[in-house]
Amino acid sequence: MAFILITASLFFLFLWIISLCKVLILPRIPFAKHFTHNGRSFRKRNVLLVTAHPDDESMFFTPTINFLTSKGHNIQILCLSTGGAEGKGNIRKRELFQACVTLKVPMQQVKIVDHPDLQDGFGKVWNRSLLAKIIEEEITNCSIDMIITFDFYGVSGHCNHRDVHYGVCKLLHDTLQRDIEVWELVSTNILRKYSGPVDIWLSIFLAMLHSNGTMHCLVNENSRRSFKAMAQHSSQWVWFRKLFVALSSYTYMNTLRKVCSQNC
């Protein structure tokens, strides 16, 4: 029994190392070459990343942010709360701006909403009509043509993450924004979620099955930046979040799936 455990541990360690090496060289291979193209011609996109709390961008979306900034696209971040469940809203706002500097997103392209009906916390239900209205205003003000946000589960199942998803869906359904693409970050099961770079093999395979371009695997072009960005959220940078960033597959890659009004 001990021999089997040791063998399995060594195999997983070997697979982890091989997968990490693959992550480090994969950015040179354009797996997501169609993600930001219009037909055959490249065009610069105005992308709105919609999150629920300060630190969401660093914990979950760093591969996407790194990919888009490296390709010269314009990213706006809309954070729909200050993350003030513990009374640290003002601190967390400053931390978000610092993290965005690390992620190469200019501070003037980051907006944090502090609305009495959009307060951080489990059990805090966010009004989807209000969310849709705020997001629509940002789309208009920033000439947005692409939205990226959480899927219906929101990676961790946090109710605020899920409400953000449904707020975007309501906007998409109500306004029928045909000129705006919406992409959601795919949530995975707990084994894939904590498999670190090992999940890259399955993520790429699943993305390749969607030859119609409705799913893409974006590999983190600078995984160390995930740690640096999350470290800027010093009020949240406790041991279990450090462990999460090290072990989470979301540090090394993001799988994005295209959202249509019909399936919202």
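Calculate, in nm to one decimal, what V101 and D174 gain on full extension: separation in residues at 0.36 nm each, minus their alpha carbon distance. Don't skip to the end; give the middle numbers.
Working: separation 73, 0.36 × 73 = 26.28 nm, distance 3.44 nm.
The span from V101 to D174 would gain 22.8 nm if fully extended.
Take the Cα of F152, go 7 Å toward its beta carbon, and the backbone nitrogen atoms of the stretch 192-226 under 18 Å from that spot belong to 215. Straight-line reach from K93: taking Cα to Cα under 18 Å and skipping same-chain neighbours fewer than 8 places apart, the aspartates and glutamates in range are D55, D56, E57, D114, D117, D120.
Taking every alpha-carbon pair in the stretch 21-258 and binning the separations at 5 Å intervals from zero gives 1, 7, 15, 20, 22, 18, 11, 5, 1, 0 percent. Dividing the alpha-carbon radius of gyration of the stretch 173-264 by the rule-of-thumb value 2.2 N^0.38 Å gives 1.27. Here the label points at D114 and F227, each 7 Å from Cα along the C-beta direction, are separated by 3.3 nm in the simple model. Working value for the stretch 46-92: equivalent-ellipsoid semi-axes of 24, 10, 7 Å, each the square root of 5 times a Cα gyration tensor eigenvalue, largest first.
The distance between label points at K124 and C260 comes to 3.5 nm (points 7 Å beyond Cα on the Cα→Cβ vector).
Please state, as a whole number in µm²/s, the translational diffusion coefficient that the Stokes-Einstein equation yields for the stretch 120-234 at 4 °C and 1.567 mPa s, with Rh defined as the Kirkwood radius across alpha carbon pairs. If you can, show how the numbers build up before the last one.
Values: Rh = 16.2 Å.
Value of D from the Cα-based Kirkwood radius: 80 µm²/s.
Annotation: lysines with alpha-carbon distance below 17 angstrom to K193 (same-chain offsets under eight excluded): K242. A straight chain from V238 to N212 at 0.36 nm per residue would run longer than the Cα-Cα distance by 5.2 nm. Between the C-alpha center of the stretch 200-215 and that of the stretch 153-192 there is a gap of 19 Å.
Could you work out how much longer the chain between S70 and A246 gets when fully extended? Use 0.36 nm per residue separation minus the Cα distance between them, nm to one decimal.
Details: separation 176, 0.36 × 176 = 63.36 nm, distance 2.26 nm.
Value of the extension gain: 61.1 nm.
By the rule of a C-alpha distance below 16 Å, with chain neighbours fewer than 8 residues away ignored, the lysines paired with K133 are K111, K170. What the phi angles of the stretch 235-242 give under the Karplus curve with 6.51, -1.76 and 1.60, with θ = phi - 60°, is a coupling list of 5, 10, 7, 9, 4, 6, 7, 4 Hz, glycine and proline written as x. Using a 7 Å offset from the Cα along the Cα-to-Cβ direction at both F205 and E86, what is the distance between the two label points in nm, to one decimal? That separation, rounded to one decimal, is 3.9 nm.
Since every read-out is calculated from the coordinates, none of them should be taken as a lab result. Predicted model only: the values in this text are computed from it and were never measured. With ideal geometry, Cβ positions are generated from the backbone for all residues, glycine too; neighbour counts draw on all protein chains shown.
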